[in-house]
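The values are calculated or read from the model by the stated rules, or taken from the named source; none is laboratory data. As the structure is a computational prediction, the values presented were derived from the model and not from experiment. FYI the Cβ positions are ideal-geometry reconstructions off the backbone, even for glycines, and counts take in every protein chain you see. The accessibility values were calculated without ligands, DNA or RNA, using every heavy atom of the protein model including side chains. Shrake-Rupley method; radii C 1.70, N 1.55, O 1.52, S 1.80 Å.
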Amino acid sequence: MPSAANRLKAVAREAAGCTRCPLYRHATQTVFGEGPPDAALMLVGEQPGDQEDRAGRPFVGPAGAALDRALAAAGIPRETAYITNAVKHFKNEPRGKKRLHRRPNRGEVEVCRVWLQREIALVEPRLILALGVTAAVALCGRSVVISRLRGRVIEFEDGRRGMVTAHPSAILRMPDEAARREAFLGLVKDLKAAARSAAGASA
């Protein structure tokens with residue numbers, strides 16, 4: 001049987017040709033997840049942004065830089081986590097030379113769940129951390145309020161252990177430095193808790 005790494009590569013190649021929803025029409029490419037095929041911790045964001053869409057890698061733009069800083073502060077090497085998104089194509093609205101980010105709707109999230117579910121099934125993470133509402137909805141299968149679930153281990157729709165936190169982009173949207181620092185520290189705290197829980201589950 002092919003290794004999990006090779007099976008992930010095969011699924012990524014399959015996803016590259018996905019036309020299950022209209023989002024592929026305005027995207028450069030499918031952006032699949034990356035990381036160890038046996039990662040204990042999986043991070044799931046919303047969707048690729050403009051820079052991710054062009055690079056073909058998740059979390060390499062401004063939100064990715066914020067996530068990298070938070071991972072470093074939490075003592076989690078990025079290369080030890082599997083990082084992906086709930087939606088694999090960049091949903092955007094062209095405005096001249098710019099492409100404005102648009103949040104995926106529930107139908108688009110649902111259609112794209114097939115790829116996320118296959119990633120989860122192959123990686124088999126011990127804990128999944130949902131970054132933001134879109135990822136939380138995709139994993140919980142229902143509407144959620146991040147503030148009500150944040151900080152504790154919950155069970156996702158498929159029975160897997162998970163936690164939820166704010167998306168790193170929320171840090172960038174804060175109105176001042178004090179608010180940005182508070183949001184950053186909150187993300188670091190949640191990343192540390194997720195890593196501890198993933199490590200504990202493996203013991």
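Overview of results
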item	result
Relative contact order %, the chain, counting alpha carbon pairs below 8 Å whose residues are six or more apart	23
For region 118-203: rounded, prolate or oblate by the Cα gyration tensor [a/c cutoff 1.5]	prolate
Gaussian network model of the chain, Cα within-10 Å springs - most flexible of 184, 59, 32	184
Point-to-point label distance, residue 4-residue 182, nm (Cα→Cβ direction, 7 Å offset)	3.9
Per residue accessible area of the chain, 1.4 Å probe, in Å²	50
Cα pair count fraction exceeding 12 Å, expressed as % - region 87-149	73
Diffusion coefficient, µm² s⁻¹, Stokes-Einstein with Kirkwood Rh over alpha-carbon pairs of region 1-125 at 37 °C and 0.692 mPa s	220
Region 80-145 - percent of accessible surface contributed by carbon and sulfur, probe 1.4 Å	49
Dipole axis of region 1-152 (+1 Lys, Arg; -1 Asp, Glu on Cβ), positive-most option in 96, 30, 116	96
For region 18-161, size of Cβ-based charge dipole, Lys and Arg +1, Asp and Glu -1, in debye	560
Check: region 1-79 dipole with +1 on Lys, Arg Cβ and -1 on Asp, Glu Cβ, in debye	220
Beta bridges by DSSP in region 1-149, antiparallel share as percent, to the nearest 5	40
List 98, 192, 91, 9, ordered by accessible area with a 1.4 Å probe, largest first	98, 9, 192, 91
Region 1-58 versus region 112-150: alpha-carbon centroid distance in Å	15
